[in-house]
Amino acid sequence: MSSSGSPDPSATVIAIARDLGFHRAAIVPIEPARRHAAFVAWLAAGRAGAMAYLATPAHVDARADLRTLLGAARALIVVALAYDRVDPIPADALLRGRIARYARGEDYHLVMRDRLVALADRVATALGRPVASRPCVDSAPVLERDWAERGGLGFTAKNTMLIAPGVGSYVVLGELLVDIELAPTAPDTPPKPRCGTCRRCLDACPTAAFVDAYVLDARRCISYLTIEHHGVIPRELRAAIGTWVFGCDLCQEVCPFNAGGGEAPDALLRPRSVEHALPDLVALAAIGTNQLRRHVRRTALRRIPRDVLLRNVAVALGNTGDARAIPALTGLLANPSPLVRVHAVWALGQLGAGAELRAAADDADADVRAEVAACAPLDNFDSVPG
Ligand code: B12
Ligand code: SF4
Ligand code: SF4
């Protein structure tokens, strides 16, 4: 209740957000983004790689001023939704890849957007007035971690993740801009980083993607390489990708703030099946177009084209170090996309599959032939690992 005896609108908003299943929610004032300069410096250093949309003036300017997104905005509601941290244990010995945890269930963009729209509707009903609002998640030009930290949802950690103590970093963030005057629920001073002297995440990154604590060079990050980057993956980074097919969780897996059970994740974000978490790479390499469409329907995986997914599958198969991957990779040599064939060649090279590589030496595409030539001399590939 406010001092006048009527319900406090901010408390009402937070109560509705919690009732809708958000694990954390806070209200922050409309003010300049605090770390905009860090974002601009990150772009200027080229660390965004091919994510050119981030550097467009419209995106850069909007990240500085929330009112660009909703002129009438009077408050920002920041929320966090937890996803499942538990890895399923498959009851077989198939060659399995890994999908990052946030992408194993219903696409969080859809879940978050629907939930934010529901929040706006219920707030309007509760306050008895129409509410102009704008939901934002991920691709909207909002410095999401900055605002979540400003709202006291958690602290920015050395791996650049927003860690919400109690729930950890396995949370996705969302924001709702509203034209209602709401008292902030967060103190003006955001939570301080709590990493202390720990640097496990920085040391665990297989591609050395951290320039320093709090600064990531996206161009080296497996998440970027498998999702955002749609061209040829630099040769020197392929082995370090391991069996990640979509995203990477390594710098979160080692974090002590993610140890233990955590809070129950959102039901819609739970893995749909083992295949959506740890897919059978051999089956995925041969999956038909319609079957793939069904498999990725309403998941974040639908965001990458089929040839990019198969490129990732080829790299992961090469990194299994297991000769059982060779027939699947040989199948990928017949894929119409040179992008897929280039990576299949590399993977066959990793597995020492000389006969298959020799067949690819006559490929119609110059890049594929160059990839064959970049493998060790074909004479070195006489025997196949067992
Ligand atoms: C581009 C992008 C990426 C890029 C670059 C990531 C990066 N670290 O910059 C790539 C493709 C690599 C990526 C990967 C992932 N992403 Co991403 N990504 C984004 C996106 C669209 C923009 C991020 C951005 O602006 N980066 C530029 C840097 C400069 O900004 P920043 O990461 O926010 O970093 C802040 C801090 O580092 C801080 N800072 C700078 N210097 C200092 C110094 C100190 C001392 C401190 C305390 C802070 C600090 O200032 C920055 C601005 O606030 C956001 C959504 C959004 N609109 O914000 C999602 C987002 C950050 N991603 C998200 C997720 C889930 C991931 C992955 C976990 C997915 C996965 N499993 O594969 C990985 C995690 C990799 C990692 N360690 O960051 C979530 C993160 C949720 C959380 N708990 O933090 C977001 C918020 C999307 C969402 N709506 O939930 N992502
Ligand atoms: S997501 Fe993986 S590759 Fe990217 S910074 Fe973290 S550990 Fe490194
Ligand atoms: S692993 Fe250590 S340094 Fe990295 S985010 Fe977690 S607490 Fe911070």
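What residues have an amide H closer than 5 Å to that of residue 216, excluding those fewer than 5 places away on the same chain, when H is modeled at 1.01 Å from N in the peptide plane?
Residues meeting the amide H criterion: 211.
Determine ³J(HN,Hα), in whole Hz, for all residues of region 316-329 in sequence, where each value follows from phi through the Karplus function 6.51 cos²θ - 1.76 cosθ + 1.60 and θ = phi - 60°; x replaces Gly and Pro.
Taking θ as phi minus 60°, the curve returns 4, 4, x, 7, 6, x, 10, 4, 5, 7, 4, x, 5, 5 Hz for region 316-329.
Could you calculate the contour length gain from residue 267 to residue 87, that is, 0.36 nm times the residue separation minus the distance between their Cα atoms, to one decimal place in nm?
Details: separation 180, 0.36 × 180 = 64.80 nm, distance 1.54 nm.
Additional length available on full extension: 63.3 nm.
Using a cut-off of 9 Å between beta-carbons, work out the net charge of the residues near residue 23 (Lys and Arg +1, Asp and Glu -1, residue 23 not included).
0
Which ordering of 192, 158 is given by a fewest-first count of other beta-carbon atoms within 10 Å?
192, 158
What order do you get for 372, 13, 313 when you list them from fewest to most C-beta neighbours inside 10 Å?
372, 13, 313
Any idea how far apart residue 30 and residue 55 come out in nm if each label point goes 7 Å out from Cα toward Cβ?
It works out to 3.1 nm between the two label points.
Got a sec? How would 365, 146, 307 order by Cβ neighbour count within 10 Å, fewest to most?
365, 307, 146
Per residue of the chain, what 222 nm ellipticity follows from adding -39500 (n - 2.57) for every DSSP H run with n ≥ 4, rounded to the nearest 500?
For the chain, the value works out to -9500 deg cm²/dmol.
Which residue fluctuates most in the GNM of the chain (Cα springs below 10 Å): 367, 92, 121?
Sorting by GNM fluctuation, first place goes to 92.
Can you compute the FRET efficiency between residue 211 and residue 239 using 1/(1 + (r/R0)^6), with r the Cβ-Cβ distance and R0 = 22 Å? Round to the nearest 0.05.
It comes out at approximately 0.55.
Taking 8 Å as the Cα distance limit and 6 or more residues as the minimum spacing, I'd like the relative contact order of the chain as a percentage.
Averaging sequence separation for qualifying contacts and normalising by length gives 19 percent for the chain.
FYI, it's all coordinate maths here, none of it is from the lab. In this text, all values refer to a predicted model and were calculated from it rather than measured experimentally. Neighbour counts run over all protein chains shown; Cβ positions are idealised from the backbone, glycine included.
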